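Some notes on the structure that comes next.
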Amino acid sequence: MKKTIAIVGGGPAALFLAAYLDENQYTITIYEKNAAVGRKFLVAGQGGFNLTHSEATEIMLTRYTPTSFLKKALENFSNNDLRNFLNSLAIPTYVGTSKRVFPVKGIKPIDVLNALLNLLQQKNVTIKTNFNWKGFAADNKLVFETASKEQKVDADITIFALGGASWKVTGSDGLWLGHFEKRNYMSTFSRIQLCF
């Protein structure tokens with residue numbers, strides 16, 4: 001029997017994660033508070049839409065504090081792996097003069113987002129929008145506010161892909177920290193703050 005995975009948040013991290021999870025082992029649902037997923041993709045495109053940097057992994061690791069925080073992740077999925085993955089979705093990339101990596105000319109942020117969403121559809125990933133995460137119920141189920149009513153969700157595995165507080169207009173307001181503080185979970189999640 002498949003395990004259920006709830007991904008809270010519908011930004012780039014959530015979409016890329018869902019794209020890599022094995023749909024034969026998991027039933028995957030993304031819960032997004034906005035009316036559509038991937039809003040940060042579209043805002044990021046206004047500033048040039050660089051997807052990653054071309055520098056070597058050992059140099060890229062020094063850009064994070066602490067440097068060990070993303071070490072395993074970047075060693076297992078490098079910037080070159082990302083470029084290969086995007087290429088498999090018919091999103092070829094190039095390295096610019098700044099050594100940043102961009103989609104080739106003519107490919108817009110919406111094209112990259114749609115390529116990801118098409119893949120998720122093929123993998124039978126369910127996307128639920130207008131699901132605003134309000135915290136935890138007494139039984140540790142997730143509580144969502146929807147247009148019609150409050151809903152509780154219980155999953156075998158819950159993954160929080162909630163972003164930082166960088167772009168309020170896209171939903172990245174950082175207010176989710178309060179939900180963990182209320183349950184005294186911040187000791188578990190204290191390192192998360194360091195990557196924003």
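The values are calculated or read from the model by the stated rules, or taken from the named source; none is laboratory data. In this text, all values refer to a predicted model and were calculated from it rather than measured experimentally. Positions of Cβ are generated from backbone atoms using ideal geometry, with glycine treated the same way; all protein chains shown enter the neighbour counts.
Of note:
- Options SER68, SER78, SER98: the member that is outside the structural domain of LEU15 (by TED's automatic domain parsing), under 18 Å from the mean Cα position of the chain (by Cα) and modelled with pLDDT under 95: SER78
- Selection over the stretch 75-101 of residues that are in contact with a His (Cβ under 8 Å, 6 or more places away or on another chain) and without any contact (Cβ under 8 Å) to a residue 40 or more places away in the chain gives a count of 1.
- For the residues LEU116, LEU42, the requirement of being of a type in the set (A, V, I, L, M) and either at pLDDT below 95 or outside the structural domain of THR146 (by TED's automatic domain parsing) (or both) singles out LEU42.
- Test for GLY106: is it out of contact with any helix residue (DSSP H, G or I) (no Cβ under 6 Å at 6 or more places or on another chain) and either at positive phi or in the same structural domain as LYS40 (by TED's automatic domain parsing) (or both): yes
- Test: LYS105 is touching a strand residue (DSSP E or B) at 6+ places or on another chain (Cβ under 7 Å), among the charged types (D, E, K, R) and farther than 21 Å from ALA6 by Cα: no
- Scanning the stretch 1-42 for residues that are in contact with a strand residue (DSSP E or B) (Cβ under 8 Å, 6 or more places away or on another chain), more than 14 Å from ILE127 (Cα to Cα) and either among the charged types (D, E, K, R) or surrounded by 15 or more Cβ atoms within 10 Å (Cβ to Cβ) (or both) returns LYS2, LYS3, LEU21, TYR26, LYS40.
- When ALA35, ALA73 are checked against the criterion of being outside the structural domain of GLY135 (by TED's automatic domain parsing) and within 17 Å of the chain's Cα centre (by Cα), ALA73 stands alone in meeting it.
- Scanning the stretch 100-129 for residues that are of a type outside the set (A, V, I, L, M) and in a strand (DSSP E or B), we see that the one that is surrounded by the most Cβ atoms within 10 Å (Cβ to Cβ) is PRO103.
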